[in-house]
1. What pairs come up if the first residue lies in the stretch 336-353 and is under 16 Å from Ser239 (Cα atoms), the second is aromatic (Phe, Trp, Tyr), and their beta carbons are under 8 Å apart, counting only those six or more places apart or on different chains?
2. Can you pull out the residues in the stretch 287-342 that are of a type in the set (S, T, N, Q) and either at pLDDT below 95 or more than 28 Å from Asp264 (Cβ to Cβ) (or both)?
3. Among the residues of the stretch 352-366 satisfying the criterion of being open to solvent by 20 Å² or more (accessible area, probe 1.4 Å) and assigned to a helix (DSSP H, G or I), which is farthest from Ile109 (Cα to Cα)?
4. So the check is Cβ under 7 Å with 6+ separation or different chains; which pairs have a first residue in the stretch 124-144 that's assigned to a helix (DSSP H, G or I) and a second one that's acidic (Asp, Glu) and open to solvent by less than 10 Å² (accessible area, probe 1.4 Å)?
5. Determine whether Ile67 is open to solvent by less than 60 Å² (accessible area, probe 1.4 Å), closer than 30 Å to Gly220 by Cα and modelled with pLDDT of 85 or more.
6. With the stretch 259-343 as the region, which strands (runs of 3 or more DSSP E) entirely inside it contain at least 2 residues that are touching a Pro at 6+ places or on another chain (Cβ under 9 Å)?
7. Answer yes or no: is there a residue in the stretch 287-307 that is in contact with a Leu (Cβ under 7 Å, 6 or more places away or on another chain) and either more than 14 Å from Leu233 (Cα to Cα) or open to solvent by less than 10 Å² (accessible area, probe 1.4 Å) (or both).
8. If you scan the stretch 75-123, which residues turn out to be part of a helix (DSSP H, G or I) and either open to solvent by 50 Å² or more (accessible area, probe 1.4 Å) or modelled with pLDDT of 90 or more (or both)?
Amino acid sequence: MSMNSFGHIFRVTTWGESHGPALGATIDGCPPGVPLSPEDIQVWLDKRKPGQNKYTTQRREADEVEILSGVFDGVSTGTPIQLMIRNIDQRSKDYGDIAEKFRPGHADITYWQKYGIRDYRGGGRSSARETAARVAAGGVARAALAKLVPGLSVTGYMVQMGTETIDRARFDWAQIGENPFWVPDAEAAETWATYLDGLRKAGNSVGAVIEVTVQGAPAGLGAPVYAKLDTDLAAAMMSINAVKGVEIGEGMSAAMLTGDLNADEISMGENGPVYSSNHAGGILGGISTGQDIVVRFAVKPTSSILTPRRTITKSGAATEIITKGRHDPCVGIRAVPVGEAMAACVILDHLLLDRAQTGGMRGKIG
């Protein structure tokens, strides 16, 4: 199985399986001299780790990261950084009943059709457990961005859970870390708690929409045609487990706008161009404008549910399946830090690409 890497200059390769002894990431291309410790990465892994409340899987993993290479005297050396996270709470026996069955909505059947072998213990490489390695890599990217672009921030939050949405008029950045759903709307958080409780107790699940906003990114990141910033952001988000759709800025809603409404008008401010709105999501022609970069992605409901589902066995026989084990009733909750991590990796990668191509040269306005 190839294709386990992403990025151009800042390149990340993830490895490991859900029920193996460990998983992790190998990072190549991190600039030297970046202050980096396990604690700098752990703070982001703690946002993602399971078992923190009743709304996520009760698998108990500390998700403690170990830095095996690429750091000396507290700073990156410019050589490959090896990160490892040990698995300590696998319950492979929970999956014994599905060794011969395909779970509807899961990658079981396609893995078998492609490779003729599959790790039925939690899905192996197709498990959302793999995203812990992405979050660890994102921690390294954030550390590098903090050194190269002080003030840049990457913030993810949920804007929809099933049929429940936030009220943008009540959007409050300070609320994001104050509830288990990473939602910037205190009233929505209360409603969502009741909504998800009902689904959880019924052994069911629901999908979600996550939005990630990058603030403080400089203008000029990305390039036309095949190296567009939004192209790589969309690919990064689409690569996350369970993601079925990605939008940049206005996204699909742009199809309902007329040209005069969609175009973000420009005026000259004291410190450069000022835009009247941000329908473009901070990217024009594949290149960042200096506005907030806004990307949204939709995740499907967790496919592992207690409701009986019809399926087939490897021999083709009809059967029924109930997926036991410990699963997220809404995988979107723990997808928030994953989306943040992928955005951080892409932004750093394009920052390094821009430095290599242009040396930071910019066209002057005014």
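The values are calculated or read from the model by the stated rules, or taken from the named source; none is laboratory data. Please read all numbers here as calculations on a predicted model, not as lab measurements. Every residue, glycine as well, gets a Cβ built from its backbone with ideal geometry; the counts of neighbours run over all protein chains shown. SASA here: full protein model, heavy atoms, side chains in, ligands and nucleic acids out. Shrake-Rupley method; radii C 1.70, N 1.55, O 1.52, S 1.80 Å.
1. Val336/Tyr157; Val336/Trp182; Pro337/Trp44; Gly339/Phe297; Glu340/Trp44; Ala341/Trp44; Cys345/Phe6; Cys345/Phe10
2. Pass one, the stretch 287-342, residues of a type in the set (S, T, N, Q): 288-289, 291, 302-304, 307, 311, 313, 315, 319, 323.
Within the stretch 287-342, Thr302, Ser303, Ser304, Thr307, Thr311, Thr313, Ser315, Thr319, Thr323 qualify.
3. First, pick out the residues of the stretch 352-366 that are open to solvent by 20 Å² or more (accessible area, probe 1.4 Å): 353, 355-366.
When the remaining residues are screened for being assigned to a helix (DSSP H, G or I), the result is 353, 355-358.
Values: Leu353: 38, Arg355: 44, Ala356: 43, Gln357: 43, Thr358: 46 Å.
Looking at the filtered set, the residue picked out is Thr358.
4. Listed by first residue and then by second, the contacts come to Ala132/Asp63; Gly138/Glu340.
5. On the way: open to solvent by less than 60 Å² (accessible area, probe 1.4 Å): yes; closer than 30 Å to Gly220 by Cα: no; modelled with pLDDT of 85 or more: yes.
Taking the combined requirement at face value, the residue does not satisfy it.
6. Working: elements: 266-269, 272-275, 293-299, 309-312, 318-321.
Result: 266-269, 309-312, 318-321.
7. Step one: filter the stretch 287-307 for residues in contact with a Leu (Cβ under 7 Å, 6 or more places away or on another chain), giving 287-288, 295.
Checking which are either more than 14 Å from Leu233 (Cα to Cα) or open to solvent by less than 10 Å² (accessible area, probe 1.4 Å) (or both) leaves us with 288, 295.
Taking every residue of the stretch 287-307 in turn, at least one turns out to be in contact with a Leu (Cβ under 7 Å, 6 or more places away or on another chain) and either more than 14 Å from Leu233 (Cα to Cα) or open to solvent by less than 10 Å² (accessible area, probe 1.4 Å) (or both).
8. Going residue by residue through the stretch 75-123, those that are part of a helix (DSSP H, G or I) are 92-98, 108-115.
Lys93, Asp97, Ile109, Thr110, Tyr111, Trp112, Gln113, Lys114, Tyr115, listed by residue number.
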